[in-house]
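What follows is a single structure, written as structure tokens, with notes after it.
Nothing in this text is a laboratory measurement; each read-out follows from the coordinates by a stated rule. Because the structure is predicted, anything quoted here is derived from the model rather than measured. Cβ: placed from backbone, ideal geometry, glycine included. Neighbour counts: every protein chain shown.
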Amino acid sequence: MIETAVKAALEAGDAILDIYARDFEVEFKADESPLTEADTASHEIIVQALETTPYPVLSEESKAIPYAERKSWTTYWLVDPIDGTKEFIKKNGEFTVNIALIKDGVPVLGVVYVPVEDTLYCGVSEGGGAASPKAWKSVGCKGKSFDAIVADAAELSVSNYAASADRPLRVVASKSHCNDETLKFISELEATYGAAERVSRGSSLKLCMVAEGVADIYPRIAPTCEWDTAAAHAVVVAAGGRVFEYRNGSEAGEYTTGSDSVSDVPYNKENLLNPYFVVSGLN
């Protein structure tokens, strides 16, 4: 399954870059989110590839699939053909192709491809993280076989940052969604860990930063949808981190200890909007 997903992401990335290199038109969907021909081309390539597997596909660019149908899906693909279409339009390179395999509401396989950087993040965690999680990153994937990509990959691991570390806590803070509640959360972190260094990137790369250990925690107290996060969520879990539901009024410390009092973000809900969440690579 991982080989199928990787090949689909790379092929979609090539098609996206062909369009990225020239002028293109931008349409707007009913929710006012942008749509380009690159989103559509990527969607078609990925869906065609994944339809060779035994599992159904839910893509952001698919026609709406009723919950009455998909609630019976125990295993399925969840796809965002371009996560960060706004970044694609700005041509800043910070957009990704996201492909996840969901099993019983848990992302167990994730592929995040960054076409402009030709960088691939992968995570596989069979049984929802209970058996041999593994996450890796590979750079310079074009023209390589899957085996060569894996052979050149570097294993990923969260930072396991502790308050005694001799560097600042690195907090991912969204450039466009850093609201008052996010600032309050960061302030609570700083009360425990000291002054924090704030870092940011576009799209699902923010979660990948935590998986890679170049950031320690990412609070997302703003709207996202399931396809925005599922692939990178799988990479985070495989790298040893967690993606918790954020509850209004809870203190930041609750999300940094691995406490069972906070729940992991679920998938295949009737409403495909995610709850607010916190991505943690802390002890």
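Residue-wise, which Karplus ³J(HN,Hα) couplings in Hz belong to the stretch 143-158, taking 6.51 cos²θ - 1.76 cosθ + 1.60, θ = phi - 60°, and x for glycine or proline?
Residue by residue, the stretch 143-158 yields x, 9, 6, 4, 4, 5, 4, 5, 4, 8, 7, 10, 5, 9, 8, 5 Hz.
Just to check I understand the Karplus step: with θ = phi - 60° and J = 6.51 cos²θ - 1.76 cosθ + 1.60, what whole-Hz values come out for the stretch 88-99, glycine and proline as x?
Those phi angles translate into 4, 5, 6, 6, 9, x, 8, 9, 9, 9, 10, 10 Hz.
Measure out, as a whole number of angstrom, how far apart the alpha-carbon centroids of the stretch 49-124 and the stretch 220-283 sit.
17
In terms of modelled amide H atoms, which long-range or inter-chain residues lie less than 5 Å from the amide H of Gly241?
Val158
Of Gly93, Leu109, Ser164, which is farthest along the charge dipole of the chain in the positive direction, counting Lys and Arg as +1 and Asp and Glu as -1 at C-beta?
So the residue furthest toward the plus end is Ser164.
For Leu169, enumerate residues with amide H under 5 Å from its amide H, sequence gap 5+ or separate chain, H modeled in the peptide plane.
Excluding prolines and chain starts, which carry no amide H, the hits are Glu197.
Place a +1 charge on the Cβ of each Lys and Arg in the stretch 1-49 and a -1 charge on the Cβ of each Asp and Glu, then give the dipole magnitude about the Cα centre in debye, rounded to the nearest 20. Can you show the working numbers first?
Values: 3 positive and 12 negative charges, 39 e Å.
Rounded to the nearest 20 debye, it is 180 debye.
Add -39500 (n - 2.57) for each DSSP H run of 4 or more in the chain, then divide by its residues: what number comes out at 222 nm, to the nearest 500 deg cm²/dmol?
Numbers: 8 runs with 84 residues, N = 283.
About -9000 deg cm²/dmol.
Output wanted: per-residue J couplings in Hz (rounded whole) for the stretch 183-194, from phi through Karplus 6.51 cos²θ - 1.76 cosθ + 1.60, θ = phi - 60°, x for Gly and Pro.
With coefficients 6.51, -1.76 and 1.60, one gets 4, 5, 4, 5, 4, 5, 4, 5, 5, 9, 9, x Hz.
So how tilted is helix 37-50 from the main axis of the chain? Cα-based, degrees 0 to 90, rounded to 10.
80
If we count every other residue with Cβ under 10 angstrom of Leu205's Cβ, Lys/Arg +1 and Asp/Glu -1, where does the sum land?
Numbers: positive: Arg201, Lys206; negative: Asp83, Glu87, Glu94, Glu117, Glu212.
Here the count lands on -3.
Compute the longest continuous run of the chain that contains no exposed trypsin sites (Lys or Arg not before Pro); treat a site as exposed when its DSSP state is not H, G, I, E or B and it has at most 12 other Cβ atoms within 10 Å.
Values: sites that count: Arg22, Lys29, Lys63, Lys71, Lys91, Lys142, Lys175.
Of all site-free stretches, the longest is 176-283.
Report the net charge of residues surrounding Val158, where surrounding means a beta-carbon distance below 10 angstrom and charges are Lys +1, Arg +1, Asp -1, Glu -1.
Working: positive: Arg242; negative: Glu212, Asp216.
Net charge around Val158: -1.
Which length gain, in nm to one decimal place, applies between Asp147 and Glu25 when the Cα-Cα distance is subtracted from 0.36 nm times their residue separation?
Numbers: separation 122, 0.36 × 122 = 43.92 nm, distance 3.71 nm.
That works out to 40.2 nm of additional length.
So how tilted is helix 226-238 from the main axis of the chain? Cα-based, degrees 0 to 90, rounded to 10.
60
Only Cα pairs under 8 Å and at least 6 apart count here; give the relative contact order of the chain as a rounded whole percent.
Working: 633 pairs, mean separation 49.4, N = 283.
In percent, rounded to a whole number, it is 17.
Which is the longest stretch in the chain that no exposed loop site breaks, taking sites as GluC sites (Glu not before Pro) with a DSSP loop state and at most 10 other Cβ atoms within 10 Å? Please report the intermediate quantities before stating the final value.
Values: sites that count: Glu25, Glu32, Glu270.
Longest run free of exposed loop sites: 33-269.
What is the pair-distance distribution P(r) of the stretch 2-155, computed from all Cα-Cα distances in 5 Å bins starting at 0, with each bin given as a whole percent?
Calculated over all Cα pairs of the stretch 2-155, the distribution is 2, 9, 19, 21, 20, 16, 9, 4, 1, 0 percent.
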